[in-house]
Each structure stands twice: as structure tokens, then as C-alpha cells.
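Participant: One structure, as C-alpha cells, below. Some questions next.
The values are calculated or read from the model by the stated rules, or taken from the named source; none is laboratory data. Note that the coordinates shown come from a computational prediction; the quantities given were computed from them, not determined experimentally. Every residue, glycine as well, gets a Cβ built from its backbone with ideal geometry; the counts of neighbours run over all protein chains shown.
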Amino acid sequence: MIRYLILLLLPLAAQADPLRVASFNTELSRDGPGVLLRDIERDDPQVMAVVGVLAAIQPDVVALQGIDWDYNNLALTALTAKLKAAGLDYAYSFSAQPNSGLATGVDLDGDGKSEGPGDAQGWGRFTGQGGLAVLSRFPILTDDIADYSTTLWRDVPGAQLPVSDGLPFPSEQAQSIQRLSSTAHWVIPIDAPGGRFDLMTFHASPPVFDGPEDRNGLRNRDEIRFWSLLLDSDIGTAPAGRFVIAGDANLDPDQGDGHNSAIRNLLADPHLQDPEPRDSTGSATTVAWKGVGEMRVDYVLPSADWQVEHSGIYWTDETGKQVEAAATASRHRLIWVDLSIRQN
């Protein structure tokens, strides 16, 4: 009888606590290399607010955007140490050189110059400005990471590159080296208690700050489209199992500049589901920009084979009052989703 009861309880024991996956554009980007590390070591108020937000939500896995990359990951290591001191221990992390700030020596933005921040593979004043990072409680299978950041924009199926007066903008030379990813596109396998899953993360270019050629808007469109192309095996290798897309698409489904249909199409992709996280007031807003307003541009999108238990946006408390640390940390809001393995 006891053995029978144990066998009945085995599926429940194997069903671990829900996995909390989050995405947060921290806006921990500074004007020069090494400045972010200095600020972390000095307990800069914004840095400590970011730490406070993460410590409050306690995600098991979090995709971070807007965090400066350095060759030895000194800033990320220092930030992880601050998080550990706050009670949030991430034993595993991943970051790599992003396209942001990666100089090309070619005029990529059409301003007639070739050494400005707009002439890097992704906008940036220095290599690694505004990069990506992933923090995890569980092992990251680094040998199996797929990095699509070197994919040329022109090689993406269905890509729509900018033209001006019927010619490639800003030039054929520029388009021959222009990568799709303004920051990166990574597929990061994580060995979670319920089994391996792939975290797919990115930070798309803002679809503004360009001209009638719509260079940034078109690039943003294709950066978002990339995920559906990957899931359909039209580019790269589709995930073999469960996955979560987590990142900053810089595009709202219904408002603002940009090709809004790109994010609407991704949200409707049958391979995934949209939990539509909201804060305690019922708002789906993930960022508030002066002069532009509130929008939903940050996403955590699990594959269709997950069971979504809960989701949320950390901006207001249970009473609907704005959380001070969240407002200090970033204009963007941390979004999170609790997932479990769907039982058939």
C-alpha cells in the first residue's frame, strides 16, 4: 500500500515549483566603457534599484537588456554579486559581445560619415554599449548556445531592406555587411528542474530615428520576424522542445511608429502563447517614454506546450501604488511569467 502511494505521488514530486522567467530592460547603459562597473561598485542608486526590483520578483531565469558588456564580464559579475548580497543567487550567467557599438568603418546610417555610433553594427558609442545578459539559477548549457547575431540582414528570408531613389540605402556596400541584429539574437539552452528549455532573447532596434527610407523601422520588423522564421525552420535550427522568447521588441502591437503587424504576427504564432502580463492595476504597459507615452514593448512568450500559472508586471504594489524602486530603476518594467510543464 505504501509503495502504491509513493508511485501515485511520483508525478507530483517530479512536478517542480513553477519556473519564473522574466525580462527586464534595466537601462544600465553608460556613456563610456568601465563606467557601469564603477557605478555598480559605488552602489549607484539606479543600480541598487535594479537590484531591488530583481530581488523583489526573484525570477529563476531573467533576460536583461540595456546592460553594458565588457570583455571579462566584470560589470555583470559585480552586478551578480550585488544580487547575491540581496538574497538572489544566480550561479549561472551568460553574456557575449553584442552588435551594439561594434565598429564597421562603413557609413551604415547614411549621414556621410563612417565612424559614428550609427555606423556600428548596432547603435553604440563603444563596443558593448547596451548589451544583453542572461542570469539563471540553473545550469546554462553554454556549449549548445546558438548565436545568430552575425546573420546578415539581406540573408533573412522575406527581408525588406531600405531603399532611396530606387537604390539600396545607404549603399550596396553597407547592405553587404549589415547584420540583422542591432544587439543580438541568442538561443540559450537551460537545464531546469523540469527539463531543458531554450531561452530565446533579443533587443530590437527602435523603429524611429531614421528618415523616409525607414531603415530602423524595417530592421525592427525583421528582427521580430526572425523568431517566427526560426520556429518555422526557415532560418537556423528550430527549438526541439519547450522554449521562451524573452526580450525587448521595441514595438507595441497597436500604437507608435513601426510595423506593428510584425509583433502582432509574432504574438499570434501558433508555436507560442501570449500570457499578456499586467500590473496590479490591470495595465499591460511595460514602458513609459516622455513625449511618446505608455506602450507594451517588452515580452515573455512561452511556447504553446507550457502551462502558464501566473504572470505580472512589477510596477505597482497590491494597493495600486507605484513601487519606488521600479520607477528609479528604469523606464521599462520587469515582466515575469510562472510556468509549469503541461500535463497531457
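Participant: Within the range 323-344, restricting attention to residues that are part of a strand (DSSP E or B) and out of contact with any helix residue (DSSP H, G or I) (no Cβ under 7 Å at 6 or more places or on another chain), which residue is surrounded by the fewest Cβ atoms within 10 Å (Cβ to Cβ)?
Facilitator: 340
Participant: In the range 159-205, which residues are in a loop (DSSP other than H, G, I, E, B), over 19 Å from the mean Cα position of the chain (by Cα), of a type in the set (S, T, N, Q) and closer than 25 Å to residue 236 by Cα?
Facilitator: Within the range 159-205, 160, 178 meet the criteria.
Participant: Residue 222 versus (1) touching a residue at least 40 places away in the same chain (Cβ under 8 Å); (2) in a loop (DSSP other than H, G, I, E, B); (3) more than 18 Å from residue 302 (Cα to Cα): which is the lone unmet condition?
Facilitator: Of everything listed in (1) touching a residue at least 40 places away in the same chain (Cβ under 8 Å); (2) in a loop (DSSP other than H, G, I, E, B); (3) more than 18 Å from residue 302 (Cα to Cα), residue 222 misses just condition (2).
Participant: Would you check which residues across the range 137-154 are touching a residue at least 24 places away in the same chain (Cβ under 8 Å) and assigned to a helix (DSSP H, G or I) and list them?
Facilitator: 142, 144, 153, 154
Participant: Does the range 114-121 contain any residue that is over 21 Å from the mean Cα position of the chain (by Cα), buried (at least 19 other Cβ atoms within 10 Å of the Cβ) and of a type in the set (Asp, Glu)?
Facilitator: yes
Participant: I'm trying to understand the selection: among the residues of the range 237-253, which are in contact with a helix residue (DSSP H, G or I) (Cβ under 6 Å, 6 or more places away or on another chain) and either among the basic types (Lys, Arg) or surrounded by fewer than 16 Cβ atoms within 10 Å (Cβ to Cβ) (or both)?
Facilitator: If the condition is that a residue be in contact with a helix residue (DSSP H, G or I) (Cβ under 6 Å, 6 or more places away or on another chain) and either among the basic types (Lys, Arg) or surrounded by fewer than 16 Cβ atoms within 10 Å (Cβ to Cβ) (or both), then 238 is the only one that fits.
Participant: Sort through 205, 233, 228 and tell me the only one that's modelled with pLDDT of 95 or more and buried (at least 23 other Cβ atoms within 10 Å of the Cβ).
Facilitator: 205
Participant: Another question, then. Looking at the range 294-317, which of its residues are among the polar types (S, T, N, Q), under 25 Å from residue 223 (Cβ atoms) and surrounded by fewer than 19 Cβ atoms within 10 Å (Cβ to Cβ)?
Facilitator: Those that are among the polar types (S, T, N, Q), under 25 Å from residue 223 (Cβ atoms) and surrounded by fewer than 19 Cβ atoms within 10 Å (Cβ to Cβ): none in the range 294-317.
Participant: Something else now. Could you list, in sequence order, the residues of the range 264-279 that are surrounded by fewer than 19 Cβ atoms within 10 Å (Cβ to Cβ), out of contact with any helix residue (DSSP H, G or I) (no Cβ under 7 Å at 6 or more places or on another chain) and of a type in the set (D, E, K, R)?
Facilitator: Selection gives 264, 276, 278.
Participant: Ok, one more. Given the structure, is residue 216 out of contact with any strand residue (DSSP E or B) (no Cβ under 9 Å at 6 or more places or on another chain), without any contact (Cβ under 8 Å) to a residue 40 or more places away in the chain, in a helix (DSSP H, G or I) and not hydrophobic (A, V, I, L, M, F, W, C)?
Facilitator: yes
Participant: Yes or no: residue 108 surrounded by 18 or more Cβ atoms within 10 Å (Cβ to Cβ) and either in contact with a strand residue (DSSP E or B) (Cβ under 7 Å, 6 or more places away or on another chain) or in contact (Cβ under 8 Å) with a residue 40 or more places away in the chain (or both)?
Facilitator: Yes, satisfied.
Participant: Specify which of the listed residues (282, 320) is part of a loop (DSSP other than H, G, I, E, B), surrounded by fewer than 21 Cβ atoms within 10 Å (Cβ to Cβ) and either within 16 Å of the chain's Cα centre (by Cα) or free of Cβ contacts under 8 Å to residues at least 24 places away in the same chain (or both).
Facilitator: 282
Participant: Quick one: what pairs do we get from the range 164-180, first residue touching a residue at least 60 places away in the same chain (Cβ under 8 Å), second among the hydrophobic types (A, V, I, L, M, F, W, C) and assigned to a helix (DSSP H, G or I), C-beta under 9 Å, 6+ apart or different chains?
Facilitator: From the range 164-180, the pairs are 178/153; 179/153.
Table: residues versus (1) surrounded by fewer than 19 Cβ atoms within 10 Å (Cβ to Cβ); (2) part of a strand (DSSP E or B); (3) without any contact (Cβ under 8 Å) to a residue 40 or more places away in the chain; (4) hydrophobic (A, V, I, L, M, F, W, C).
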site	(1), (2), (3), (4)
36	no, no, yes, yes
46	yes, no, no, no
50	no, no, no, yes
63	no, yes, no, yes
70	no, no, no, no
77	yes, no, yes, no
80	no, no, no, no
90	no, no, no, no
98	no, no, no, no
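Participant: Taking the conditions exactly as written (of a type in the set (D, E, K, R) and over 30 Å from residue 175 (Cα atoms)), does residue 30 satisfy them or not?
Facilitator: no
Participant: Would you pick out the residues in the range 285-311 that are in contact (Cβ under 8 Å) with a residue 40 or more places away in the chain and part of a loop (DSSP other than H, G, I, E, B)?
Facilitator: 285, 286, 296, 297, 305
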